[in-house]
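Structure first, commentary second.
What follows draws every value from the coordinates through simple rules; no lab data is involved. If you're wondering where the values come from, they're calculated on a predicted model, not measured in any experiment. Quick reminder, even Gly has a Cβ in these numbers, built from the backbone with ideal geometry, and neighbours come from all protein chains shown.
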Amino acid sequence: MPAPFALPEGLPPSLPMSRAKFLRLAAAGAASLVLGAPARAADRPSVPALRTRPIPATGEALPVIGCGTYVGFDVAGDSAEYQRLPGVLQALFDAGGSVIDSSPMYGRAEAVTGELLAATGSHGKAFLATKVWTRGRAEGIRQMEESLRRLRVERLDLMQIHNLVDWQTHLATLREWKAAGRVRYLGVTHYTAGAYDALEAVMRTEALDFVQINYSLDEHEAARRILPLAAERGMAVIINRPFGGGGLLRRLRAQPLPPWAAEIDASSWAQLLLKFVLSHPAVTCAIPGTSRPEHMADNALAGSGLIPEPGFWERHRIDAA
């Protein structure tokens, strides 16, 4: 028999942080870090607007669902897959979303993103995040300059050090770039719990605007230390792999959606899994990757309607195996 899902260790009904810290973050732009605040209405009023949560460093409101470009945007310009991608971005923007995350590691994804945004005049709607993924100061600068060229921007919203590769070197450069106005925010990323000790050490010693990590119903180790530490240190959190790398969602799609999903305004398994991720109050934004407009629209709906308190998952169980 598959083991039913229970509330992960480290995900309490309320995030352990000081009252002063909570009030400071709440005052930055959200009446509640759990529920967030509705984003401004999208161009199509029939699409429910995404909620937002504040970036702790500035209080800037960030929509809680974005789009990852790994695999899905690494396609040839003359392919059928490429032809679907304008619809993916349109679905994101129609819902009030903005966050698009990429990396030089993702093949053509940066260039494709830049092409699509330029072709539709949509750069102003996007919160663009990418990464530096190399060693050495000179090579890091070269790679970041190339990312700016591919994305067709002069300034990045967020530059992240991918998987902590040569992070000391690149963090020094990023601080210079931030002071010069070439990046608005800086951060670090990883995608596996095996790196959490190293990630935690960086988070405890360095001032970061963002941290990007994996977190999902079946990969919930980040709730033990990383997510509480991000809240304590005033770091925004972007979640990659919110579907556990895809296998979890494929398994659950073979099952009927539980009746209690309606209690949290979830009409699909993707929405339910994303609402689980967003129910942790330290999470700022989740970036499920997709190359299909209908999936982007479905994902975005997870960021509207009710986002439950963490304690909701103590009362409801999912057979995820």
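Odds and ends about this structure:
- nm² value of the averaged projected area, convex hull over the Cα atoms of the stretch 19-305: 14.6 nm²
- Mean projection area, nm², convex hull over Cα of the stretch 176-298: 9.1 nm²
- Radius of gyration and Dmax over the Cα atoms of the stretch 46-188, both given in Å: 15.1, 49
- Measure of compaction for the stretch 166-229 (Cα Rg per 2.2 N^0.38 Å): 1.21
- When each of the peptides 157-169, 93-105 is scored by how many other beta carbons lie within 10 Å of its residues on average, the order from highest to lowest is 93-105, 157-169.
- Cα principal axis extents for the stretch 48-106, largest first, Å: 40, 29, 11
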